[in-house]
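A.B. asks: Below you'll find the structure I mean.
The values are calculated or read from the model by the stated rules, or taken from the named source; none is laboratory data. Everything numeric here is computed off the predicted structure, so don't read it as measured data. Cβ atoms come from the backbone with ideal geometry, glycine included; neighbour counts cover every protein chain shown. Each accessible area value is taken on the protein alone, full model and side chains, heavy atoms only, with ligands, DNA and RNA left out. Shrake-Rupley method; radii C 1.70, N 1.55, O 1.52, S 1.80 Å.
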Amino acid sequence: SDALKIVTPNCYMCVGDIERYFHTYPTAWDDRNYFCIQYKGVTWCYSKCCFGHTACPYYTSTFGAEYYRWFTHIYCIQCSYIVDDWLTAAAKLARSLAQMNTISNVLESCGFTMNDAKFKSGQQIVFLGILIDSVTMTIRFDSVSAKGFRVELQVYFDILLDNKHLDINIVRPICGKLNWYAEIVQSGRIHIQSFWNYFRHHKRSYPASMIQLKKDIQWWLQLLTSWEHEDSTDLVYRILSADVLAKDPHSIYVVQSDASGTDGYGYYHSYLSSRNPLFVSKSWGKDFIHTTNSMYFELYALSDFLIETTVRRCVLVWITDNESSTWAVNKGNCKDPASRVLLASILGLCDSHQLQIIALWVPRESNQFADYLSHLSTYLNRSTVYGRL
């Protein structure tokens, strides 16, 4: 998100990478006995930070924050970084290259070495596995990075299918990688919880948890395969900013809903700037599975809207007076099994429709019209009621 803040329409970006970043930082003498390798009776100690140690990204990023302040405050360079990867952007290619050259010179004067093989510039740049396109102002996943992780995940899946457990030391990096993908892919949020549960319990995991883990791995493998073939996926996301949202009257769509456990559900919806929204009221059908979980009712109303809507490529704001539902949508997870299935469908529809969903809670007294709609079809003894305010 920090990188996307400096990306503007048709700008030129440049990325650079510091070579052997962790190995540039020495470790304290008192700590070196903790990082050793023994081979043929000889003990070798790391004198520099050991690649793979959990604390290294946090430790080195503290210094990175200092370097970032140098570039932004002294040199007035628009840039972003994460650990050893740096990105800068400017309206002209020459300016972007000059900015990265300044960043490289300063870092090299501190004793670092820049990796020339990873130096790239242009209006389409792969940064941390994400392809950023300033011409179309969109992001999507890089096919090469997706294939690499898909092959890796397939190996782990085969191990689990043999009823063997993964090494606990490789489970956490998998969780971190999937967390990174789920930052962008909304439907991925509900398919990462099983990985974290496996990390916590490992060999003590219940059989049901292992079954869910295998199902989620299959889901990710299918998604990663689609990313390998760029033409086979619609998961392309717009780069949005406050200015973009303010200028485009069709950038934000709002739906406000409510559900009654006895009668039905209803919602009204329109673009944010519209003054005559549409409304829908529906009664529960004969095949509807009734439950005592109010969150399921509310999610069902949202699911119905997403199934019927033709709205695409915008921010979707869902307003409800059910607080647990807003938490479920924004977090991408919930405990109730039936609601989880419904939530997975909702997030999947949002991704396929290219809708970035945000759920907002309002008190019940601010949701009176939606509450009225949840009863209207039953009052009129009709299955559905459509109209415009």
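A.B. asks: Just one of the numbered conditions (1) under 25 Å from residue 193 (Cα atoms); (2) buried (at least 16 other Cβ atoms within 10 Å of the Cβ); (3) charged (D, E, K, R) is not true of residue 304; which one?
C.D. replies: (1)
A.B. asks: Kindly indicate the residue of the range 16-53 that is part of a loop (DSSP other than H, G, I, E, B) and without any contact (Cβ under 8 Å) to a residue 12 or more places away in the chain and also nearest to residue 117 (Cα to Cα) among those meeting that condition.
C.D. replies: Only one residue tops the list, namely 52.
A.B. asks: Are there any pairs with C-beta distances below 8 angstrom linking a residue in the range 92-118 that is under 19 Å from residue 22 (Cα atoms) to a residue that is among the basic types (Lys, Arg), with the two at least 6 apart or on different chains, and if so which?
C.D. replies: Close Cβ pairs (under 8 Å, with a partner that is among the basic types (Lys, Arg)) amount to 113/20.
A.B. asks: A follow-up question, please. Quick check: is even one residue across the range 240-248 in contact with a Lys or Arg (Cβ under 9 Å, 6 or more places away or on another chain) and over 28 Å from residue 375 (Cβ atoms)?
C.D. replies: yes
A.B. asks: Would you check if there is a residue in the range 276-295 being of a type in the set (A, V, I, L, M), open to solvent by 10 Å² or more (accessible area, probe 1.4 Å) and within 29 Å of residue 246 (Cβ to Cβ)?
C.D. replies: As a first pass, look at the range 276-295 and keep what is of a type in the set (A, V, I, L, M): 278, 280, 289, 295.
The next check asks that each one be open to solvent by 10 Å² or more (accessible area, probe 1.4 Å); those that pass are 278, 289, 295.
Pick out the ones that are also within 29 Å of residue 246 (Cβ to Cβ) and you get 278.
The answer is yes, given that some residue of the range 276-295 is of a type in the set (A, V, I, L, M), open to solvent by 10 Å² or more (accessible area, probe 1.4 Å) and within 29 Å of residue 246 (Cβ to Cβ).
A.B. asks: Looking at the range 166-247, what helices (runs of 4 or more DSSP H) fall wholly within it and have at least 1 residues that are under 19 Å from residue 337 (Cβ atoms)?
C.D. replies: 193-201, 207-228
A.B. asks: Pairs please, first residue from the range 123-149 and assigned to a loop (DSSP other than H, G, I, E, B), second anywhere and open to solvent by 20 Å² or more (accessible area, probe 1.4 Å) and of a type in the set (Asp, Glu), Cβ atoms under 9 Å, 6+ apart in sequence or on different chains.
C.D. replies: Within 9 Å, the pairs are 128/85; 129/142.
A.B. asks: Only residues that are open to solvent by 20 Å² or more (accessible area, probe 1.4 Å), modelled with pLDDT under 95 and within 30 Å of the chain's Cα centre (by Cα): list them for the range 354-389, please.
C.D. replies: Hits for the range 354-389 are 354, 356.
A.B. asks: Hey, another quick one. Out of 261, 266, report the one residue that is open to solvent by less than 20 Å² (accessible area, probe 1.4 Å), over 20 Å from the mean Cα position of the chain (by Cα) and not hydroxyl-bearing (Ser, Thr, Tyr).
C.D. replies: 266
A.B. asks: Quick one: which of 83, 106 is over 30 Å from the mean Cα position of the chain (by Cα) and surrounded by 15 or more Cβ atoms within 10 Å (Cβ to Cβ)?
C.D. replies: The match here is 106.
A.B. asks: OK, next. In the list 88, 138, which residue meets the criterion of being over 30 Å from residue 214 (Cβ atoms), of a type in the set (Val, Ile, Thr) and either open to solvent by 40 Å² or more (accessible area, probe 1.4 Å) or in contact with a helix residue (DSSP H, G or I) (Cβ under 8 Å, 6 or more places away or on another chain) (or both)? Steps first, please.
C.D. replies: Numbers: 138 fails: either open to solvent by 40 Å² or more (accessible area, probe 1.4 Å) or in contact with a helix residue (DSSP H, G or I) (Cβ under 8 Å, 6 or more places away or on another chain) (or both).
Among 88, 138, only 88 is over 30 Å from residue 214 (Cβ atoms), of a type in the set (Val, Ile, Thr) and either open to solvent by 40 Å² or more (accessible area, probe 1.4 Å) or in contact with a helix residue (DSSP H, G or I) (Cβ under 8 Å, 6 or more places away or on another chain) (or both).
A.B. asks: Just name the residue that is farthest from residue 84 (Cα to Cα) out of those in the range 1-44 that are surrounded by 18 or more Cβ atoms within 10 Å (Cβ to Cβ) and among the aromatic types (Phe, Trp, Tyr).
C.D. replies: Residue satisfying both the conditions and the ranking: 12.
A.B. asks: Do any residues in the range 270-287 that are in a loop (DSSP other than H, G, I, E, B) have Cβ atoms under 8 Å from those of residues that are among the charged types (D, E, K, R), where the two are at least six apart or on different chains, and which pairs are they?
C.D. replies: Close Cβ pairs satisfying both conditions: 276/388; 277/388; 284/263.
A.B. asks: Shifting gears a bit: Name the pairs: first residue in the range 368-389 and of a type in the set (D, E, K, R), second residue surrounded by 14 or more Cβ atoms within 10 Å (Cβ to Cβ), Cβ to Cβ under 6 Å, at least 6 apart or on different chains?
C.D. replies: Pairs found: 371/258; 388/278.
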